[in-house]
1. If you take the charge dipole of the chain about its Cα centre, with +1 on Lys and Arg Cβ and -1 on Asp and Glu Cβ, which of F524, N461, V501 is farthest toward its positive end?
2. Based solely on its DSSP helices, what 222 nm [θ] is calculated for the chain when runs of n ≥ 4 H residues each add -39,500 (n - 2.57) and the sum is averaged over all residues, nearest 500 deg cm²/dmol?
3. Here are some pairs, K200/K339; K283/K339; K505/K533; K108/K505; which of them have Cα atoms lying more than 29 Å apart in this structure?
4. Rounded to the nearest 20 Debye, what is the dipole magnitude of the chain about its Cα centre when Lys and Arg each give +1 and Asp and Glu each give -1 at the C-beta?
5. Compute the projected area of the convex hull of the Cα atoms of region 86-205, averaged over all viewing directions, and report it in nm² to one decimal place.
6. List the aspartates and glutamates whose Cα lies under 16 Å from the Cα of K51, skipping any in the same chain that are fewer than 8 positions away.
7. For region 126-201, what does the relative contact order come out to in percent, with C-alpha contacts under 8 Å and a separation of six or more?
8. Could you work out what % of the accessible surface of the chain is carbon and sulfur, using a 1.4 angstrom probe and leaving DNA, RNA and ligands out of the count?
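The values are calculated or read from the model by the stated rules, or taken from the named source; none is laboratory data. Just so you know, these numbers come straight off a predicted model, no measurement behind them. Quick reminder, even Gly has a Cβ in these numbers, built from the backbone with ideal geometry, and neighbours come from all protein chains shown. All accessible areas refer to the heavy atoms of the entire protein, side chains included, with ligands and DNA or RNA removed. Shrake-Rupley method; radii C 1.70, N 1.55, O 1.52, S 1.80 Å.
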Amino acid sequence: MSIPSLSHNDELLALQNVLASQSLISLFVEDANRTEDYSCEASGLYLDYSKNRVNSRAMALLFNAAREKNLEQKIQALLGGEAINYTEKRPALHTALRGASNTPADKKALVDDVHVKMAEFVDSIHSCRWRGSTGKTITDIVNIGIGGSDLGPLMVTEALKPYQQKNIRCHFVSNVDAADLLSILANTNPESTLFVVASKTFTTLETLTNATTARDWLTRALGADVDVSKHFVATTSNVENAVKFGIDARNVFPMWDWVGGRYSLWSSIGLPIALGLGMENFKALLAGAAEMDNHFSEQPLEKNMPVILALLGVWYTNYWEADTHAIIPYAHDLRLFPKYLQQLDMESNGKSAAHKGQVKQATGPIIWGEAGTNGQHSFHQLLHQGTRLVPVDFIAPLKAHHEHNDHQTHLFANCLSQSYALMVGKTLEQAKQEFIDIGYSDEESEQLAHHKVMEGNRPTNTILMDQLTPKNLGALIALYEHKVFVQSVIWDINPFDQWGVELGKKISTLISGVINNEIDGSTFDASTQSLIKRYQNSLKL
Ligand code: F6P
């Protein structure tokens with residue numbers, strides 16, 4: 001089980017064999033134009049994919065594979081609003097939220113209305129017209145949500161810290177572990193705090209539990225007759241449940257079932273972004289994404305950045321048996337980007353069910369990573385000398401938002417040093433010489449040299465942008481969204497459902513019932529029953 005069914009599989013496998021014995025550096029020697037030929041620009045981003053174990057024939061066959069899977073038609077179906085999420089019988093129109101050029105008119109009107117409502121609300125908070133129940137201005141926004149209702153707004157707010165509005169602080173609570181919420185509440189004043197309850201379904205246990213505790217905290221602090229509507233708003237597609245929770249219908253910012261949770265930061269779920277960074281910056285984020293959408297829709301596959309990234313990923317996952325893919329941004333502000341991509345990619349493509357039957361090849365890789373240079377001092381050892389092939393995407397803004405150019409130069413130099421070292425490695429001869437140079441004997445150097453050998457030829461992409469601006473970040477996120485979509489097309493899976501997370505949710509409700517002695521737990525296995533007992537016993541202490 002490793003390769004998708006494609007008509008050129010034999011040749012792709014043969015090419016893999018050839019390229020496996022060819023050094024990356026030799027590919028540069030053979031082709032003086034390799035950097036130009038294996039690079040691409042779109043919406044403020046520059047992708048250099050020349051340090052990959054591909055040649056022009058391999059790329060041609062991969063583009064061919066995409067055509068064989070009708071990728072061009074599927075891109076138009078996605079952007080045009082067809083019910084591409086076929087298991088849930090609905091479109092996946094996150095591109096409509098940012099006004100991609102082929103957005104259906106009915107969706108555009110809905111989105112425009114919500115943007116107007118968001119803009120008015122943001123203005124009322126920033127201009128201090130909206131006040132808490134005791135007349136204090138709002139200084140702290142606490143977003144309560146999880147998964148897509150948390151990770152996107154959180155990552156963007158962190159990434160765009162230099163654009164943060166003065167006098168407003170944004171906090172994010174997601175975990176049902178009360179330690180998360182309590183750590184935020186400990187440092188906020190109920191009179192000047194606004195909670196945004198963010199849940200597409202408004203049924204998610206973690207979010208409702210946290211929102212209820214937050215409301216109790218508010219009423220305990222400000223009295224049972226506090227006007228809760230001044231402190232709670234909701235972003236959801238389930239207006240009814242939000243109102244039942246006690247949120248004024250006028251303070252509900254709608255979204256729709258055609259927006260997937262992990263694709264929802266562009267919708268009203270992005271309200272904390274707009275509150276924290278200003279509506280203009282939120283709009284710039286959308287504009288950058290829309291530019292990437294239009295690039296994705298209009299460019300031929302050979303010049304299409306999301307398509308190129310996706311096909312390289314398929315190449316390593318299926319033909320080189322790479323199980324993981326590392327995302328390493330060389331920007332502290334982007335440190336949550338790998339975590340954000342974990343949900344985007346793994347909840348989308350972590351699937352074994354094909355359109356019909358089961359898949360016959362590996363699908364989505366494990367996504368992981370951390371900001372550089374920190375990762376260099378932890379897991380890069382494995383990237384350089386481990387036994388596993390880990391393709392890496394390095395992401396780096398050229399200009400910082402601060403004045404410390406010495407830091408920025410070190411940061412950028414480190415980024416380039418990693419992709420270069422991963423490519424060239426270190427030979428046995430070089431390693432031996434290094435031992436001799438520090439005074440080891442010939443014999444010792446001979447014996448120890450292999451410990452320093454670095455195989456090299458480890459594939460990397462480098463994505464550059466001028467600066468980490470709202471527009472460039474929007475483009476970067478959309479780039480990865482579309483990459484994930486392209487891979488789902490090659491693998492013939494639906495990236496827009498997530499049935500795999502349902503079972504655990506249902507069982508946790510049952511186990512809570514067993515713990516509270518409301519349900520008979522004898523149908524659980526002995527291990528689970530014994531663990532439940534231990535927990536019950538701890539409650540009696
Ligand atoms: O973890 C599953 C999931 O359904 C995600 O897809 C979603 O982003 C998250 O839960 C939160 O869901 P909701 O926004 O409905 O609370």
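1. After comparing all options, I get F524.
2. Details: 22 runs with 253 residues, N = 541.
When only DSSP H runs of four or more count, the value is -14500 deg cm²/dmol.
3. Working: K200/K339 20 Å; K283/K339 24 Å; K505/K533 20 Å; K108/K505 34 Å.
Those over the limit are K108/K505.
4. On the way: 46 positive and 60 negative charges, 294 e Å.
In debye, rounded to 20, the chain gives about 1420.
5. On the way: hull surface 39.3 nm².
Convex hull of Cα atoms, orientation-averaged projection: 9.8 nm².
6. E30, D31, E36, D37, D393, E455
7. Values: 99 pairs, mean separation 36.2, N = 76.
Result for region 126-201 is 48 percent.
8. Values: 12420 of 23770 Å².
Result for the chain: 52 percent of the exposed heavy-atom area is carbon or sulfur.
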